[in-house]
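First the structure, in the form of structure tokens, and then the observations on it.
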Amino acid sequence: MTGRVIHFPRQPLSSEAGQQAAERVLATPMIDRYSWAEELRLEDPETLLSLCGILRSQGESAPALVRDEAEFLYRFIESPKREIGLFDEREYFLGEFALLAGAACRQLSRREEAYVWFDRAEAGFRHTINAAGDLSRLGYQRLAERFEERQIDVVLELLPSLIESFRSLEMHEDALKCRFLEGLALMETDELRAAVGTFEEICEEAESIGNALLAATAYTNLTHIHGMMGNAEAAMAASSKAIPILRRLDNRVGLAKVQWGLAALLRETGQLTASIEAYRKAQQEFEAIGMRADIAALNLVVADLLLEMGRGREALAEIGAALPVISELKMAPEGMAALSLLRESARRQEINRQALRELHGYFEELKG
């Protein structure tokens, strides 16, 4: 929201009062909020601005909650048509809550729903004073979604223009966030050493501007890459930098991904039993925040490890748990052939190991 101009009605709430009002809103059951809207100051721009900040801060700790709250607030403003502020506040908040809902859906791998929310965000932002900045933030989310669908060429083609837009608007942290997609693209193409260099640069720049979250996220990715490379010392060093920050920020998504990276390290160094235990711990952390897609992806990784240990029956159970979720969430648009082969082999109580590895490799690269 860099440079965001909010035009307030007479007698607006102070920032502190807006924060308190926002907390009261979130503490009130949704079913009661319409009847208490006036008392809760739900049409006050300062309350809504504080709600945006709270929900944005919870995107990495409670994405399912953020999605539900953002949808409620969007619906509240959208219909019946409410007058918010004096100028473009209504359109801005429609765009902002739609963007929050869409980003949460992306985190939860609810892709089709995310696309609809992103379209709604565009419809709102198109009519705001700060349209260029707001639409650029939306552009980042759309590119991240395209990346997760493995449209790597499209992402790499459009990324420089988006970075330039952020820099021209002096939205330097958003420009830095775009470099994560660059690093992940290098992981996707197995250029792991180049990816390490990119994320090390991100860490350095994030620390120089005092953005702890971006630094911790970059260290999380370094943990994963070094784990994939079997570089124990570097993986542990990166995780030791990421974990304290993630805990302080209650970034549960990041903590689960650090655990994923450490599990990958154990796998690469041949510690299969310990690796399975570490993957199980990551699954528990993903389950606590409703990230079913990541749980299913790790079911496949664990299945491969169980096969390695000669525990085929248990591996079949893991695959059986993963396949319905993968199909429901349409997680593998470019892995349909492998998915079909794996499903058919599991139906015959056998496992097509090549299809299994292709499929779990697809998810592991995307979530690095």
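Test of understanding: what is the full-extension gain from R247 to E350, defined as 0.36 nm times their sequence separation minus their Cα-Cα distance? Mind dumping the intermediate values first?
On the way: separation 103, 0.36 × 103 = 37.08 nm, distance 4.14 nm.
Value of the extension gain: 32.9 nm.
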Exercise. Which percent of Cα pairs goes in each bin when the distances of the chain are cut into 20 angstrom slices starting at zero?
Worked result: 28, 54, 17, 0
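Rounded, prolate or oblate: which one fits the range 130-253, using the alpha carbon gyration tensor with axes a ≥ b ≥ c (rounded when a/c is under 1.5, else prolate when a/b beats b/c, else oblate)?
Working: a/c = 2.07, a/b = 1.36, b/c = 1.52.
Oblate.
Could you list W260, W36 in order of exposure, starting from the residue whose Cβ has the fewest other Cβ atoms within 10 Å? It would help to have the intermediate numbers written out before the result.
Numbers: W260 28, W36 14.
Ranked by crowding around the Cβ, least crowded first: W36, W260.
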Exercise. According to the square roots a ≥ b ≥ c of the eigenvalues of the Cα gyration tensor, what is the shape class of the range 225-294, taking rounded for a/c under 1.5, prolate for a/b larger than b/c otherwise, and oblate for the remainder?
Worked result: oblate
Exercise. Which order do peptides 41-51, 347-357 fall in by mean Cβ count within 10 Å, highest first?
Worked result: 41-51, 347-357
Exercise. Quick one: Karplus J couplings for the range 196-208, per residue in order, coefficients 6.51, -1.76, 1.60, θ = phi - 60°, nearest Hz, x for Gly and Pro?
Worked result: 4, x, 5, 6, 5, 5, 5, 4, 4, 5, 4, 5, 5
Problem set entry | For the range 73-84, Karplus couplings with θ = phi - 60° (6.51, -1.76, 1.60), whole Hz, Gly/Pro x | 5, 4, 5, 4, 6, 6, 8, x, 4, 9, 8, 10
Problem set entry | Karplus-derived HN-Hα couplings along the range 285-292 (A = 6.51, B = -1.76, C = 1.60, θ = phi - 60°), whole Hz, x at Gly and Pro | 5, 5, 4, 5, 10, x, 8, 5
Exercise. What lysines sit close enough to K241 to cross-link, taking a C-alpha to C-alpha distance under 22 Å and skipping anything fewer than 8 places away on the same chain?
Worked result: K177, K257, K281, K367
Problem set entry | Helix axis angle, 252-268 relative to the chain longest principal axis, alpha carbon, degrees | 10 degrees
Exercise. Fully extended, how many nm does the chain gain between M30 and A288 (0.36 nm per residue separation, minus their Cα-Cα distance)?
Worked result: 90.7 nm
Problem set entry | Angle between the chain longest axis and helix 152-168 axis [Cα atoms, degrees, rounded to 10] | 30 degrees
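Can you put M187, M236 in order of Cβ neighbours within 10 angstrom, beginning with the fewest?
Details: M187 23, M236 14.
Lowest to highest Cβ neighbour count: M236, M187.
Bear in mind that the values in this text are calculations on the coordinates, not laboratory data. Values in this document were obtained by computation on a predicted structure and should not be read as measured data. Every residue, glycine among them, receives a Cβ derived from its backbone with ideal geometry; neighbour counts consider all protein chains shown.
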